[in-house]
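The structure appears below as structure tokens.
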Amino acid sequence: MPTPRSGAKRHRGRVRQLVLIVDDSLHTRNLYSEYLTFRGLGVVSSADGGSALVMARALRPDAIVMDLAMPGVDGITATRQLKADPRTRDIPVVILTGFGYRAIEMGALEAGADLFLTMPCLPEDLEHEIRRLITDRS
């Protein structure tokens, strides 16, 4: 049985998996946060890559959903830094972006992203991929 991590929340007697959603769009953060919370996941969010790095190191979420184009630290840079840090390198990172170009996808994967998804992305599809990545990591 997994042991509780810092940042994990108990939900009906078990530890909920925690997802960090990073996107500069409040609408996107709210859409996915509300759906994933409804589906029983713990969710925290950040509007930029810099604060996401701080949150990821402090909370050690089970998965991170990362936008690419954000002010300050962009998603590629944040992903590189997460994957270079021993405290966060094993956290699956899903890049979720409106930029569906193959070159951008390859750059995200080379930076260490575990999965590249393009918007529009149904919340249930994102949930499925998050749960799959978390299970594969266990």
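Where a number appears in this text, it was derived from the coordinates with a stated rule and is not lab data. All of these numbers come straight from a predicted model, not from anything done at the bench. Virtual Cβ from ideal backbone geometry, glycine too; neighbours counted across all protein chains shown.
Only Cα pairs under 8 Å and 6+ residues apart enter the sum, and on that basis the relative contact order of the chain stands at 20 percent. For region 25-122, applying the loop criterion from DSSP together with a ceiling of 12 other beta carbons within 10 Å to the trypsin sites (Lys or Arg not before Pro) yields ARG87, ARG89. For the chain, a crude dipole built from +1 on the beta carbon of Lys and Arg and -1 on the beta carbon of Asp and Glu, taken about the Cα centre, is about 820 debye to the nearest 20. Rounded to the nearest 10 degrees, the inclination of helix 49-59 to the longest alpha-carbon principal axis of the chain is 20 degrees. Close amide H partners of SER45, meaning residues 5 or more places away or on another chain with modelled amide H under 5 Å apart, are ILE21.
Going from the fewest other Cβ atoms within 10 Å to the most, the residues ILE91, ILE21 appear in the order ILE91, ILE21.
When the chymotrypsin sites (Phe, Trp or Tyr not before Pro) in region 25-111 are filtered for DSSP coil states and for at most 11 other beta-carbon atoms within 10 Å of their beta-carbon, the remaining sites are TYR101. Ellipticity at 222 nm from helices only: DSSP H runs of n ≥ 4 in the chain, each -39500 (n - 2.57), divided by the residue count, give -13000 deg cm²/dmol. Under a 5 Å amide H cut-off, with hydrogens placed 1.01 Å from N, LEU117 pairs with ILE95, LEU96, THR97 among residues at least 5 apart or on other chains. What share of the DSSP beta bridges in the chain is antiparallel, in percent to the nearest 5? Taking every DSSP beta bridge within the chain, about 15 percent pair in antiparallel fashion.
Distance between the 7 Å Cα→Cβ label points at ARG137 and ARG57: 1.8 nm. The distance from the alpha carbon centre of region 124-138 to that of region 74-121 is 15 Å, rounded to a whole number. Using a simple spin-label model with pseudo-atoms 7 Å out from Cα toward Cβ, GLU124 and LEU26 lie 2.9 nm apart.
Between 0 and 90 degrees, rounded to the nearest ten: what's the tilt of helix 123-137 against the longest Cα principal axis of the chain? Relative to the chain, helix 123-137 is tipped by roughly 70 degrees. As a proxy for reagent exposure, ranking LEU31, LEU68 by other Cβ atoms within 10 Å from fewest up yields LEU31, LEU68. The Kirkwood radius of the chain, taken over pairs of alpha-carbon atoms, gives through the Stokes-Einstein law at 25 °C and 0.890 mPa s a diffusion coefficient of 166 µm² s⁻¹.
Between SER45, SER33, SER25, the Gaussian network model of the chain with springs among Cα atoms under 10 angstrom shows the greatest mean-square fluctuation at SER25. Can you give me the angle between helix 26-38 and the longest principal axis of the chain, using Cα atoms only, in degrees from 0 to 90, rounded to the nearest 10? So the inclination is approximately 30 degrees.
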